[in-house]
Amino acid sequence: MKTKWILPLFGVLLLAAVQADEKEKPREETTAGWVKHPKNPVLGGDLGTCFDISVLKEGDTYRMWFSWRPKKSIALVESKDGVQWSKPEIVIGPNEKTDWENDLNRPVVIKKGDRFRMWYTGQARGKSWIGYATSQDGKSWQRMSEKPVLSAEKPWEKVAVMCPHVLYDDKAKLYRMWYSGGEQGEPNAIGYATSENGVTWSKHDMNPVFTPDSNSAWEKDRVTGCQVIRHGDWYLMFYIGFRDESHAQIGIARSKDGITDWQRHPANPVIRPGNDKWDHDAVYKPYAIFDGRRWLLWYNGRKGNVEQIGLAFHEGEDLGF
């Protein structure tokens with residue numbers, strides 16, 4: 001009788017010990033060499049919800065255009081180290097003359113020639129569109145079209161196109177845009193379009209070009225909010241993957257042409273929510289810059305209803321693909 005009970009009892013105790021260890025072990029907040037900045041969040045607090053950004057480095061200054069939800073506008077801040085930022089200045093806000101720009105957010109800013117060029121998301125009536133503006137100094141912007149330059153027209157785009165990211169291809173003489181399309185709350189997949197002038201766009205025949213991986217629990221629901229960088233022989237995509245609409249993490253993928261055959265990073269997701277911290281529930285919209293020595297990646301994190309901007313680092317150029 002004694003022998004019959006020893007093994008089952010040992011199994012129960014072992015299972016209890018394993019479960020206790022799992023509860024005590026905190027989840028990993030980063031992988032593949034990424035480290036969150038100890039002073040996170042670097043932007044937010046009294047400003048209210050700050051999210052979905054674009055960053056350029058000019059000389060020794062970082063310039064960040066961010067979505068400022070309480071103002072329904074896009075604001076500019078500047079920094080020498082990417083951590084301490086200046087007081088925000090609204091640079092482009094809602095346009096009462098149109099019916100699609102009641103709320104502005106999710107910009108991308110590039111500099112081509114002597115002008116800054118911004119593609120941004122305009123929202124109204126439960127839908128989203130993409131607009132285009134230019135500037136000589138990055139502060140005073142002129143809209144280049146009263147109408148959106150990109151609208152939701154295809155079935156997969158549903159009611160929203162948003163989160164544009166644009167590169168200029170000098171060889172092809174084309175602007176190349178990766179954008180998110182689908183539902184208004186959080187779009188579902190990533191499409192691709194090209195333009196000669198930044199205003200008139202042609203969508204790719206095989207859109208969407210980047211879709212959720214149904215075999216990956218962390219991104220099986222939807223993918224969105226990408227940044228694409230031309231780096232060496234590859235196009236690197238930093239993107240958001242969703243387990244469900246309320247839980248998001250950040251991954252990396254790469255492609256030779258920026259359109260097809262995307263290879264996901266083996267350690268995805270590389271930036272993950274914190275443990276009972278400011279980014280406990282979700283991490284969103286990555287924007288990365290390689291400064292010659294290390295990668296800096298800004299992202300927005302959410303805990304409850306509070307959304308702020310944080311920073312992560314990766315020493316060295318090799319991201320570990």
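The values are calculated or read from the model by the stated rules, or taken from the named source; none is laboratory data. In this text the structure is predicted, and so the values were computed from the model without any measurement. Using ideal geometry, Cβ is built from the backbone for each residue, glycine included, and neighbour counts are taken over all protein chains shown. Only protein heavy atoms, including side chains, enter the accessible area calculation; ligands, DNA and RNA are left aside. Shrake-Rupley method; radii C 1.70, N 1.55, O 1.52, S 1.80 Å.
Tabulated results
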read-out: Additional length obtainable on full extension of the chain from residue 259 to residue 183, 0.36 nm per residue less Cα span; value: 25.2 nm
read-out: Average silhouette area of the stretch 55-131, convex hull of alpha-carbon atoms, in square nanometres; value: 5.7 nm²
read-out: Relative contact order, percent, the stretch 242-294 [alpha-carbon distance under 8 Å, six or more residues apart]; value: 36 percent
read-out: ³J(HN,Hα), Karplus 6.51/-1.76/1.60, whole Hz, each residue of the stretch 177-192, x for Gly, Pro; value: 10, 10, 9, 9, x, x, 6, 6, x, 9, x, 9, 7, 10, x, 9
read-out: Separation between Cα centres of the stretch 37-99 and the stretch 263-277, rounded to whole Å; value: 24 Å
read-out: ³J(HN,Hα), Karplus 6.51/-1.76/1.60, whole Hz, each residue of the stretch 250-259, x for Gly, Pro; value: 10, x, 10, 9, 9, 8, 6, 10, x, 10
read-out: DSSP-defined beta bridges in the stretch 104-199 - what % are antiparallel, rounded to 5; value: 95 percent
read-out: Added length on full extension, which subtracts the Cα-Cα distance from 0.36 nm per residue, residue 171 to residue 61; value: 36.8 nm
read-out: Rounded percent of accessible protein surface that carbon and sulfur make up, the chain, 1.4 Å probe; value: 50 percent
read-out: Principal-axis tilt of helix 2-24 within the chain, Cα atoms, nearest 10 degrees; value: 20 degrees
read-out: Charged-residue dipole, Cβ positions (Lys, Arg, Asp, Glu), the stretch 230-321 about Cα centre, Debye nearest 20; value: 40 debye
read-out: For the stretch 222-267: relative contact order, % (alpha-carbon pairs under 8 angstrom, 6 or more apart); value: 30 percent
read-out: The stretch 72-183: equivalent-ellipsoid semi-axes (sqrt of 5 x gyration tensor eigenvalues, Cα, Å); value: 23, 18, 14
read-out: Rounded FRET efficiency, nearest 0.05, which uses the C-beta distance separating residue 276 from residue 204 and R0 of 45 Å; value: 0.60
read-out: Accessible surface, the chain, averaged per residue in Å² (probe 1.4 Å); value: 48 Å²
read-out: Hz values of 3J(HN,Hα) by residue in the stretch 103-119 - Karplus curve (6.51, -1.76, 1.60), Gly and Pro given as x; value: 9, 10, 6, 6, x, 10, 10, 10, 10, 10, x, 9, 10, 7, 10, 10, 10
read-out: Debye, to nearest 20: dipole size of the chain, +1 on Lys, Arg Cβ, -1 on Asp, Glu Cβ; value: 140 debye
read-out: Positive-end residue, the chain charge dipole about Cα centroid, Cβ charges, pick of 92, 260, 33; value: 92
read-out: Full-extension gain in nm, residue 80 to residue 147, via 0.36 nm per residue minus C-alpha separation; value: 20.5 nm
read-out: Residue among 132, 296, 283 farthest towards the positive dipole end of the chain, charges placed on Cβ; value: 283
read-out: Evaluated over the chain, the Cα radius of gyration and Dmax, each in Å; value: 21.3, 87
read-out: The stretch 144-279, relative contact order in percent, only Cα pairs under 8 angstrom and at least six apart counted; value: 15 percent
